[in-house]
1. Select the helices (runs of 4 or more DSSP H) contained entirely in the stretch 136-234, then report the ones holding at least 1 residues which are at pLDDT below 85.
2. Which ones in the stretch 23-37 are without any contact (Cβ under 8 Å) to a residue 40 or more places away in the chain and open to solvent by less than 60 Å² (accessible area, probe 1.4 Å)?
3. Could you check residue 40 against (1) at pLDDT 95 or above; (2) over 23 Å from residue 7 (Cβ atoms); (3) open to solvent by less than 70 Å² (accessible area, probe 1.4 Å) and say which number it fails?
4. Out of 128, 93, which single residue is aliphatic (A, V, I, L, M), under 24 Å from residue 63 (Cβ atoms) and modelled with pLDDT of 95 or more?
5. Looking only at the stretch 192-214, decide whether some residue is exposed (fewer than 15 other Cβ atoms within 10 Å of the Cβ) and either in contact (Cβ under 8 Å) with a residue 60 or more places away in the chain or of a type in the set (Lys, Arg) (or both).
Amino acid sequence: MRARGIVWYEARVVFGLSSVLAALIPPLFALFQWFVWTQRLEPAYEWEITRALTLTVCLAGGLGAAHLMGVERQEGFDELRRTYPESPWRLPLLRTAGAVATTALPLLLAMVIFRIGYGPYDLGTTVLPALAPAAFLLGLGLLLGNLTGSYWAAGGGVLAYWFFEVFTRSDPVTGPLYLFHPIYPVAGVSNDLNRALVTGLGVAMLAANALWTARRTTPGMARHRGRTALRPAPAAYAQPADDREGRHDD
């Protein structure tokens, strides 16, 4: 029962309102693009799918991940959570997996919409360019949320970076690290190098997020210091009443 409760708690955190609203960005943009195709005389182009996915999936992933690492601190449950005898790697791994899921689902939905509205298209040229910037902003959202403990700070950082990259596309400041190089190429920059750098930095931020969580998490520390006057834990983590009162079934 307790295991199912924890799964339910993590699912509610990962698929909360913030994630759902962010996840709507790619499919809604895909529907808008489909509508545009129906209103013009010229045919649809495959590069429009590439552009739509590259610009929207990364934003959805970053915004959807922005709240995941700061939920316990915002609810006043962080110190109590750190007293539980669980691996310090458990929380960042669960939240990273959740962030990947909330990024993959809107991507798949947008792909289905484009398949219906456009017809068959090459997944390699349309979907793959969206993955590197998605990994980058997903890592940025998780790390900022972990460092600040604030959804607004993390979400604002992700949104600001996305806008910065979009509006400097004619003269990108980030050069080889430009997120949208596949759709707005940077002169003199190899596409393979750009993808490797962007993906590598995204993975590095995911690793930094996990390391930071593990470092600040010391199971049992708060309990040993006598910090018991904390807010109650969510029901998923609450100890069963029979165990608290020392009663055991025969």
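The values are calculated or read from the model by the stated rules, or taken from the named source; none is laboratory data. Note that the structure is a prediction, hence the values are computed from the model and not measured. Heads up, the Cβs are rebuilt from the backbone with ideal geometry, glycines too, and the neighbour counts pull from every protein chain shown. Please note that ligands, DNA and RNA were not included when accessible areas were found on the heavy atoms of the full protein model with its side chains. Shrake-Rupley method; radii C 1.70, N 1.55, O 1.52, S 1.80 Å.
1. Qualifying helices (runs of 4 or more DSSP H): 191-216, 221-224.
2. Within the stretch 23-37, the first condition is being without any contact (Cβ under 8 Å) to a residue 40 or more places away in the chain, and the residues that meet it are 28, 32, 35-36.
Hit for the stretch 23-37 is 36, nothing else.
3. Among (1) at pLDDT 95 or above; (2) over 23 Å from residue 7 (Cβ atoms); (3) open to solvent by less than 70 Å² (accessible area, probe 1.4 Å), residue 40 violates only (1).
4. Numbers: 93 fails: modelled with pLDDT of 95 or more.
Only one candidate qualifies: 128.
5. yes
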